[in-house]
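Trainee: The structure under discussion is supplied below as structure tokens; questions concerning it will follow.
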There are 2 protein chains.
Amino acid sequence: MTETLSPELEAVVARAAAAAPAFAATRPEDRARAIVAVADALEANREDLVAIAMRETGLTEVRLTGEVTRTAVQLRLFADTLVDGDYLDARIDPADSDFALGVRPDIRRTHLPLGPVINFSASNFPFAFSVMGGDSAAVLAAGCPLIVKAHSGHPELSDATAAVATAALAGAGMPEGTFQLIHGREAGVQVLKDARIKAGAFTGSIAVGRLLADIAASRPAPIPFFGELGSVNPVFVTGAAIDERAAEIADGFLTSVSGSAGQLCTKPGFVFAPAGSALPDAIRAAAGDFPEHRLLDPRIARSFEERRSAILGSAGVTPVVAGGIRFDEAGQGWATPTVVAVPLDGFRASAAALSEEAFGPLSIVVEVPAGTDLASLMPEFFEGNLTGTLHLSAEEATGETANADELRALVAALSQQVGRVLFNGWSTGVAVTPAQQHGGPWPATTNDASTSVGTAAISRFMRPVAYQNAPAAFLPEALRDDNPAGVPQAIAPAGESRSWGARWR
Amino acid sequence: MTETLSPELEAVVARAAAAAPAFAATRPEDRARAIVAVADALEANREDLVAIAMRETGLTEVRLTGEVTRTAVQLRLFADTLVDGDYLDARIDPADSDFALGVRPDIRRTHLPLGPVINFSASNFPFAFSVMGGDSAAVLAAGCPLIVKAHSGHPELSDATAAVATAALAGAGMPEGTFQLIHGREAGVQVLKDARIKAGAFTGSIAVGRLLADIAASRPAPIPFFGELGSVNPVFVTGAAIDERAAEIADGFLTSVSGSAGQLCTKPGFVFAPAGSALPDAIRAAAGDFPEHRLLDPRIARSFEERRSAILGSAGVTPVVAGGIRFDEAGQGWATPTVVAVPLDGFRASAAALSEEAFGPLSIVVEVPAGTDLASLMPEFFEGNLTGTLHLSAEEATGETANADELRALVAALSQQVGRVLFNGWSTGVAVTPAQQHGGPWPATTNDASTSVGTAAISRFMRPVAYQNAPAAFLPEALRDDNPAGVPQAIAPAGESRSWGARWR
């Protein structure tokens, strides 16, 4: 049974539940208009919002200004997506008197919104993965009422963003209760347990993500829970790539490790390079240019300081770029990037201590002896990850070098354990595009069939429903023969079932 | 940590894990050929298999013979599906120097098989939801090694089917370990807990499904678990429909309730009809023709007898068709259909006792006073269901009668709580077609974003992976520009991001 909510939370959940049928019934163009209104309003209020965010998070003005643009762009992408209707996966099987198993009825299938969703927002993207971030955009695009649990790291920004969004949604005529903000982890847990809530989304740590996923799974009626958790994003660099462009790789690496003070779920945490290569020297040479950057909050800073000391103190670990962290009078930590190197056998000996995520600007170069089976290192050292990267030389990229099979095996191993495989690039800076995949096997996410970036993210908040022999007057628009919105419809013609499989005999 | 398996189970799981990369790498046409070979082999061995099935399950020769055809047809449908490649949802975002957020890399996304899967088979469909049933077809089509846990209700048939399938798969060149059969619930649980297993499928009771879903969710690395559990499949019949064709509705209803002795997850368990209508008399008139049918096993028969007595003994319940159950000397139960009626207020008073599934040939007519808000009955009495049905008159089907809004509200309420909404038909006899949806909110399934019938079922056993700036030599075939297999590719042209959302201002 649902536990009793406080009067305030009861009102929030009741409003969301009451809004569900009306919001689900909004026309796609009207929902798109409302989502674009939110995007425009965020950009119109950019200066005020960024000023609050700088104070609450320590992230730079450039980064935060760009993040508002990113957030607006992804809202606009979802507005187009929800109208274009690919994600509905509309299927029509017309009645078929010649069906292989007897008369086939007319069956038509589309996707409907799940109902109210709670989204637990993240600290490290105060716009793009917070109140009106990617998960929220997907929930609203799907037609589900949204309750956001604000992150404690930026409460004032959360309230300010919510005020902007609430006004924009109301101005666009969306029902009251379409979007609401709550504060406090216990409040979030209580809402997640409520029977009226139909899904949860989360971006944050493995520990908290697991706690919430377990709550969602153990409810009397379990619900889907989409958590994006930890990732260490292994990188493999071939000797030929280093011979070709060591300085370029080193510079890209340090930029990726140090951006946003390394507080990104896609930060490259490990770089596997041939023992004795020029990469460490190239990294050392590139390290002069990185200014110190404040970490998000004192707790994260202290935790980074501890993790950094433990790594530096592990047997076999040598500093490549010493970096460091200092604390100001307010207790805030300011860091410059740290890079260490460790031989493969040393890494193997200390894998338990070293292979865990270090949240902050630190990365580990693992020096691999010639002849090592690179593909086997993935399952040996890592669970699921958001990304895996391979740096090849131009010649290796042709797939025709002597080591091509070894590289193909490595790509297969990466594909098995990550959501995105990159070549000759860096995993930070996740592009907001239709084909993006931001996910991966546990513990990268709680649900590796889904993504939290890219247009497929909308599918997390919908479920399929089929209609059998439905009169046109009772069909969802997307399934009608006249298809007024022109959404894609996959039609399985009558008569074809008799030949199913025949071409494979 | 994974618990230690017995040597036999360890060998099974190790074989499946070893087969995973090789099976995933098979060409789609070769996998299709293997699946069609299984279908052909089942049909070639139909007589022998049906003879065993009749003895073990008590189902009729006609039903079982048809079920083999259904099983073969659905294997062949998946063979075509896996080659056609729609389910890969292949997406290509070419590099875009004019992207709204700066240069967009080339990103391409497809779906890869999850790895080894365990499928717990069902008792009531000894072919279509058992060893080589729909879930198994989807697992093999996806390219995942399959371990089937045999149902204890038909062990000999399971072994015989497995022998046929194993020979066919080996003959088609599939790797050893592609398919294996195990017996025993504890063995199934042990395999489900093993870290090498990447998903589970199940068809059966709510109690066992919940147990297994909880195990899958609480593993150190949780995995998706697709359980198809209980359903009572509410039906609503309007007065106008009864006036139009009471005898036809009554006959269809009794056929649906009594087929396979009512032991179907889509059996209509409740029929809501206007109080005082001609439906009960019509049902009584149609009831003469139904012979007794053996229930699957003595345990199910005793449980049905108990449930039937409890329902007949509830306050306000009156028999429409008395039906009955008798036990033979072997302890097997033989039943004829039972139909009872109860007024809405009586149903409300005894809802806890009456609204649970009765597995067997029994259904309840609920007599609804004029003026009742039909849509509100769904959330009042039911959780998630596989199906919900509405019988309308020809005039009501136009959507232009005085009660059209009431009917639309009822369709919306059904859509909210079921996976398939039927009009003027019966929910048993699930068509095996591309647009089919066999699922629904908890407790109809453990995961209502999925289906266990229809081509979308394959997606349960795959996960998305994106490739960023990958050289063609390292891309999966489905993502290459030359697209050798001609699978559908959704391409997002460069330059379009600048106008995202613009049409909604």
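Trainee: Mean separation of Cα pairs under 8 Å and 6+ residues apart, divided by the residue count of region A:79-164: what relative contact order is that in percent?
Mentor: Reported as a whole number, the value is 24 percent.
Trainee: Considering only the other residues whose Cβ falls under 10 Å of the Cβ of B:Gly115, what net charge follows from Lys and Arg at +1 and Asp and Glu at -1?
Mentor: That works out to +3.
Trainee: On to the next question. Can you give me the relative contact order of chain A as a percent, contacts being Cα pairs under 8 Å and 6 or more apart?
Mentor: The normalised contact order for chain A reaches 19 percent.
Trainee: Among A:Thr71, B:Gly173, A:Gly204, pick out the residue whose Cα is farthest towards the positive end of the charge dipole of the protein assembly as shown, where Lys and Arg carry +1 and Asp and Glu carry -1 on C-beta, about the Cα centre.
Mentor: A:Gly204
Trainee: Pairs of alpha-carbon atoms within less than 8 angstrom and 6+ residues apart define the contacts here; what relative contact order does region A:234-423 have, in percent?
Mentor: 27 percent
Trainee: Straight-line reach only, C-alpha to C-alpha below 25 angstrom: list the lysines that B:Lys193 could link to, leaving out same-chain residues fewer than 8 apart.
Mentor: Once the sequence-local lysines are set aside, what remains near B:Lys193 is B:Lys149.
Trainee: Right, another one. Pop a pseudo-label 7 angstrom from the Cα along the beta-carbon direction at both B:Ala472 and A:Glu29 and give the gap in nm to one decimal.
Mentor: My value for the distance between the label points is 4.2 nm.
Trainee: To the nearest 20 debye, what charge dipole does region B:1-126 have about its Cα centre, counting +1 at the Cβ of each Lys and Arg and -1 at the Cβ of each Asp and Glu?
Mentor: Value, rounded to 20: 0 debye.
Trainee: Between copies, how close do the A:Glu43 label points come, placed 7 Å along Cα→Cβ, listed in nm from shortest?
Mentor: 5.9
Trainee: Then there is this: Checking the cross-link filter: which aspartates and glutamates have an alpha carbon closer than 14 Å to that of B:Lys198, excluding same-chain neighbours under 8 positions apart?
Mentor: A:Glu383, A:Asp448
Trainee: Let me ask something else about it. Distances from A:Gly171 to the same residue in each other copy, label points 7 Å out along Cα→Cβ, in nm, shortest first?
Mentor: 7.0
Trainee: Follow-up question, since we're still on this one. Rank the residues A:Leu295, B:Leu362 as a footprinting-exposure proxy: fewest other Cβ atoms within 10 Å of their Cβ go first.
Mentor: Least to most surrounded, the residues fall as B:Leu362, A:Leu295.
Trainee: Which net charge results when you count Lys and Arg as +1 and Asp and Glu as -1 among the other residues whose beta-carbon is under 15 Å from that of B:Leu157?
Mentor: -4
Trainee: I've got another one for you. DSSP loop GluC sites (Glu not before Pro) in region A:304-377 with at most 10 other Cβ atoms within 10 Å of their Cβ, which ones?
Mentor: The qualifying sites are A:Glu329.
Trainee: Going toward the positive end of the dipole of chain B, with +1 on Lys and Arg Cβ and -1 on Asp and Glu Cβ, which of B:Gly143, B:Phe272, B:Leu59 do you reach last?
Mentor: Value computed over the given set: B:Gly143.
Trainee: Looking at chain B, send over the antiparallel percent of its DSSP beta bridges, to the nearest 5.
Mentor: Counting DSSP beta bridges with both partners in chain B, the antiparallel share is about 35 percent.
Trainee: Round to the nearest 0.05 the FRET efficiency obtained for B:Arg302 and B:Glu186 when R0 = 30 Å and r is the Cβ-Cβ distance.
Mentor: 0.80
Trainee: With both bridge residues required to lie in the protein assembly as shown, what share of the DSSP beta bridges run antiparallel, to the nearest 5%?
Mentor: Counting only bridges with both partners in the protein assembly as shown, antiparallel ones make up about 30 percent.
Trainee: Now for a different question. Given charges of +1 on the Cβ of Lys and Arg and -1 on the Cβ of Asp and Glu, with all other atoms neutral, how large is the dipole of region B:234-423 about its Cα centre, in debye to the nearest 20?
Mentor: 560 debye
Trainee: Which of B:Val365, B:Trp334, B:Leu410 sits farthest toward the positive end of the charge dipole of region B:234-423, with +1 on the Cβ of Lys and Arg and -1 on the Cβ of Asp and Glu?
Mentor: It is B:Trp334, whose Cα lies furthest towards the positive end.
Trainee: Give me the net charge for the shell around B:Pro274: Cβ to Cβ below 12 angstrom, other residues only, Lys and Arg +1, Asp and Glu -1.
Mentor: -2
Trainee: Provide the FRET efficiency to the nearest 0.05 for the B:Glu8-A:Ala11 pair, computing r from the beta carbons and using R0 = 51 Å.
Mentor: The computed FRET efficiency comes out at 0.35.
Trainee: In what order do B:Leu407, A:Leu390 fall by count of nearby beta-carbon atoms within 10 Å, going from fewest to most?
Mentor: Lowest count first: B:Leu407, A:Leu390.
Trainee: By how many nm would the segment from B:Thr372 to B:Asp98 grow when fully extended, if each residue of separation counts as 0.36 nm and the alpha-carbon distance is taken off?
Mentor: That works out to 92.7 nm of additional length.
Trainee: Then there is this: Obtain the nm distance between the two label points defined at A:Asp48 and A:Ala485 by a simple spin-label model: each point lies 7 Å from its Cα along the Cα-to-C-beta direction.
Mentor: 3.3 nm
Trainee: For region B:117-166 and region A:363-407, compute the distance between their C-alpha centroids and round to whole Å.
Mentor: Going from one Cα centre to the other spans 38 Å.
Trainee: As a check on your reading of the symmetry: which chain A residue has its Cβ nearest the axis that brings A onto B, and how far is it in Å?
Mentor: Closest Cβ to the A-to-B rotation axis, residue and whole-Å distance: A:Ala217, 2.
Trainee: At 222 nm, what helix-only mean residue ellipticity would the protein assembly as shown give, in deg cm²/dmol to the nearest 500, using -39500 (n - 2.57) for each DSSP H run of four or more?
Mentor: For the protein assembly as shown, the value works out to -12000 deg cm²/dmol.
Trainee: Turning to a different aspect of this structure: Evaluate E = 1/(1 + (r/R0)^6) for B:Val208 and A:Ala170, where r is the Cβ-Cβ distance and R0 equals 41 Å; express this FRET efficiency to the nearest 0.05.
Mentor: Efficiency, from the Cβ-Cβ distance: 0.30.
Trainee: Now a separate question. By count of other Cβ within 10 Å, fewest leading, how are A:His111, A:His438 ordered?
Mentor: Starting with the residue having the fewest Cβ neighbours, the order is A:His111, A:His438.
Trainee: Once phi is turned into ³J(HN,Hα) by the Karplus curve 6.51 cos²θ - 1.76 cosθ + 1.60 with θ = phi - 60°, what whole-Hz value does each residue of region A:427-443 show in order, with x for glycine and proline?
Mentor: Calculated HN-Hα couplings, in order: 7, 6, x, 5, 5, 8, 9, x, 8, 5, 10, 10, x, x, x, 3, x Hz.
Trainee: For the pair B:Ser309/B:Thr398, report the inter-label distance in nm, with labels modelled 7 Å from Cα in the Cβ direction.
Mentor: 5.3 nm
Trainee: Can you list the HN-Hα couplings for region A:293-301, worked out from phi with the Karplus curve (6.51, -1.76, 1.60; θ = phi - 60°), rounded to whole Hz and with x for Gly and Pro?
Mentor: 9, 6, 7, 4, 7, x, 5, 4, 5
No value in this document is a laboratory result; all are computed from the given coordinates. These numbers come from a predicted model, not from an experiment. As a convention, Cβ positions derive from the backbone with ideal geometry for all residues, glycine included, and neighbour counts pool all protein chains shown.
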